[in-house]
Amino acid sequence: MNRILKIFLFIFLGTLTKLNANHIVGGEIEMIHIGEENSFTYRVKLIQYFDCAQTANPGPDDLISYTIFRKSDGQAMRNGTMFITNQEFVPYTNPDCALGFLCTLKVEYSHEITLDPNEFNDPAGYVIVWERCCRNWSTKNLVNPGWNGMTYT
């Protein structure tokens, strides 16, 4: 009985490691003013790059959450949610990089927000933050990259 339990736990715990999102290889976040000159509407956009050759990993999240912080004191000012607006495979134009097993998926998330100037008036400014675990295991400049998260600001 004890042996069966150990085998079950080994298989169960082994499958949990496959559930990590270690297929993310990079990305960026930006906030762009849209609308008229005196408007306070912005588009928040996050781009993620996924190693789609690692089929054991889950795909991109359907939605992601971000937070806007005040720089002067770190106070969280607003949370937001972005949804996928575009997905496309990244073409490899350099023949040396275009090996058959390489596959990178570019996923874009976007959300429009209006910031009240009476609330968002700190002269030090604000920062948008999105965090996620984990990086691609093939990252060479980190120890245990699959267990290291990333923060985009």
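Read-outs: derived from the displayed coordinates by stated rules, not from any lab. Given the structure is predicted, the values throughout are model-derived calculations rather than measurements. All Cβ positions, glycine included, derive from the backbone under ideal geometry; neighbour counts span all protein chains shown.
Charge tally for Leu105 (other residues, Cβ to Cβ under 9 Å; Lys, Arg +1; Asp, Glu -1): -1. Shown is the FRET efficiency for Ala76 and Lys140, computed with R0 = 35 Å from the Cβ-Cβ distance and rounded to the nearest 0.05: 0.55.
Taking a Cβ cut-off of under 14 Å around Met82, the surrounding Lys, Arg, Asp and Glu residues balance to a net charge of -3, with basic ones at +1 and acidic ones at -1.
Ranked highest first by the average count of other Cβ atoms within 10 Å around their residues, in what order do 29-39, 64-74, 110-120 fall?
With the highest mean Cβ count within 10 Å placed first, the list reads 64-74, 110-120, 29-39.
Cβ-Cβ distance of Asn118 and Met150, R₀ of 35 Å, FRET efficiency by 1/(1 + (r/R0)^6): the value works out to about 0.55.
Can you give the convex hull volume of the alpha carbon atoms of segment 18-152 per residue, in Å³?
Each residue corresponds to 146 Å³ of Cα convex hull volume.
Note on Val90 and Glu30: their simple-model spin labels are 1.5 nm apart, each label 7 Å out from Cα toward Cβ.
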